[in-house]
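Below: the structure, in structure tokens.
The values are calculated or read from the model by the stated rules, or taken from the named source; none is laboratory data. The model shown is predicted, which means the values in this text are computed figures rather than measured ones. Neighbour counts are summed over all protein chains in view; Cβ atoms, including those assigned to glycine, are modelled from backbone coordinates with ideal geometry.
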Amino acid sequence: MRIMNRDEIDHIRSSVDIVDVVSRYIPLVPKGRNYFGVCPFHDDKNPSMSVSREKQIYTCFSCGATGNVIKFVEDYENVSFIEAMKILAGIAGISLDLGEIKKQTSSNHVLYDIYDLSFKFYRNNISSALGKKAKAYLKNRDIDESIIKEFGIGLALKDHDTLFQLLSGKKYDLNVLMKSGLVSRNDMGYVDIYYNRIMFPLWDISGRVVGFSGRIFNGEQDVSKYVNTRETEIFKKGELLYNYHRAKEEARKENKVIIMEGFMDVIRAHTIGIKNVIAMMGTAVTKDQALLIKRMARDIILCFDGDEAGQKATISCAEELLKIGVTPKVVALESGMDPDEYIQKYGKERFIGLLENPINIMDFKLSYFKKHKDLSSDQDVSKYIHDILGELNKMDDEILRELTIHKMSEEFGLDPEFLKSKLIEQPVKPVYKPPKVSKKLDKYDKAQMYLLYYMLKNKEVIQVYDREIPYMPTERYRNLAFHISYYYKMNGDIVVAGLVDQLGSQDELLKTLGEIEQLGLKDDYTLKEIEDYIRVIQEYDIKNGQAELERKLKEERDMNEKVRIANEMIALKVRREQYD
């Protein structure tokens, strides 16, 4: 892979507008000179991310996330720097050929390598003569060759140690193989976890194979239909969304993502051309997964199994999404079927018709909470209404709350105002105001922060800093000042978006940069103000230097050196008197 040079990076970055790019992912509203939106990098319900067209950077006033357009794409898309540059080049219409992108290494790179080799091994098996029965089984379930290839479906052979023999032959450490979740040990020695099963690879959000689900296909009895990889250092179910890496672009185009329970549902949907679909792998949705889903698209549709367990899972998933300000819609399947079964029985057109006409989450709950209740009983009616009011209390959507109240009012003949009186009043969303500098900051912190703020605005202030300040008292401000000064020396000017590239993945410095940007000081300044900040910092340096010289004087044994230190202390004392 060819390495990008600085001119290429700057050219692509400056060829796109951060406001236009971020708007592709999250809605932005102009407020004053900046644009504001809900931050996608933490559980944010109120717009706390500021995007500056002038400086071409974003800053979250809540979580501190700060960066330029490249870092935003990196973090939002969960891709590498190079992959982010390719995305931005595509947006800008710039041709960028970097050759093959090498996978980033990590402390778990051996496990990724083991899974990659295992994936290829299983895939080759199903394409061999030994895979005929497995392919016949899949064909009988309307899984053709193209789907087998696209989803990397493979085969674990009947022998119990074929994968182990392959991996051990590659000299992988036995302890690592045991940690991988692909090998176990019994009285006979080391054996494969999977044998005589059709293998469905499971990917992480970056598209790397990190696990498998093995399905029986020969009608075996007294064994689990599916065996899934246990959790490992690289396979965390709570961080996994099946088919995420494949569906995210389609979901963005459609501005809609469909969530199902199992990977076979996703594969079946894919066979009829529905590609903006992911699955939870049968586990309860976690906050991390919910935040990933939130990033994928504006419209979220839950299409879980139609049985009791699937309905409960729908409620549970909706709860987690509502917590982060997402109100999903629901496709409720009839007769207890899952999407795979429904599509096979009723066909493509009928299923797509359901997806195009989902019900709102409260209509689903109205139906769900009626189950097993006798609505001719006043006691059951009271319980039902309390259940629905409890669900409405969890919602921010005022319109949906109002519509549901009126439906209940009409159905049970109750006054809408009476029902509303039983709701917990929703808090008024605060109008965002940039935070002021904490009063707890002492004059030295303020001087450093204010000086940095104007260094980011004007190269003249950088020149004054380089000439007058040998040492910033606070480490993080000192490090940021160094980078600002270095950027200016290398480029002859200060461009904040370019500085972000220089800072790279130094999150602490990026947050410090965001903190400085949040100060919201006036744009213009006087040289006298800058000189005042410098005098305060110099005062600190003098006081600190005197304390250090006193310590050295006490420890020094050589008389000549003691005299030299004493003279330094006298000189510092004279300078200090200028500030007292």
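Remarks
- Residue within the stretch 271-283 that is within 30 Å of Asn175 (Cβ to Cβ) and not small (Gly, Ala, Ser) present: yes
- Cβ separations smaller than 6 Å between residues 6+ apart or across chains give the following pairs from the stretch 316-329 residues that are of a type in the set (Lys, Arg) to residues that are crowded, with 18+ Cβ neighbours inside 10 Å: Lys329/Ile301; Lys329/Pro358.
- Taking the stretch 1-24 as the range and being surrounded by fewer than 17 Cβ atoms within 10 Å (Cβ to Cβ) and either of a type in the set (Val, Ile, Thr) or under 19 Å from the mean Cα position of the chain (by Cα) (or both) as the test, the residues that pass are Ile3, Ile9, Ser23, Arg24.
- Among the residues listed as Leu138, Leu155, Leu117, Leu202, the single one being in contact with a Lys or Arg (Cβ under 8 Å, 6 or more places away or on another chain), under 30 Å from Gly347 (Cβ atoms) and either outside the structural domain of Arg246 (by TED's automatic domain parsing) or hydroxyl-bearing (Ser, Thr, Tyr) (or both): Leu155
- Test result for Glu561, charged (D, E, K, R), farther than 30 Å from Tyr58 by Cβ, at pLDDT 75 or above and outside any loop (DSSP other than H, G, I, E, B): yes
- Residue in the stretch 237-248 that is in a loop (DSSP other than H, G, I, E, B) and in contact (Cβ under 8 Å) with a residue 60 or more places away in the chain present: no
- Top-ranked residue in the stretch 291-308 [being of a type outside the set (Asp, Glu) and at pLDDT 90 or above; ranked as farthest from Glu356 (Cα to Cα)]: Ile293
- Condition met for Thr229 (crowded, with 19+ Cβ neighbours inside 10 Å and hydroxyl-bearing (Ser, Thr, Tyr)): yes
- Some residue of the stretch 463-475 being within 26 Å of Phe81 (Cα to Cα) and among the hydrophobic types (A, V, I, L, M, F, W, C): no
- Complete set of residues in the stretch 127-165 that are of a type in the set (A, V, I, L, M, F, W, C) and surrounded by fewer than 15 Cβ atoms within 10 Å (Cβ to Cβ): Ala129, Leu130, Ala136
- Verdict on Thr271 being over 18 Å from the mean Cα position of the chain (by Cα), polar (S, T, N, Q) and in the same structural domain as Ile343 (by TED's automatic domain parsing): yes
- Search result, residues across the stretch 336-378 that are without any contact (Cβ under 8 Å) to a residue 12 or more places away in the chain, in a helix (DSSP H, G or I) and over 33 Å from the mean Cα position of the chain (by Cα): Lys345, Tyr346, Glu349, Arg350, Asp378
- Complete set of residues in the stretch 267-285 that are of a type in the set (Ser, Thr, Tyr) and modelled with pLDDT under 90: Thr283
- Among the residues listed as Gly262, Gly219, Gly273, Gly238, the single one being over 30 Å from Gly131 (Cα atoms) and among the small types (Gly, Ala, Ser): Gly238
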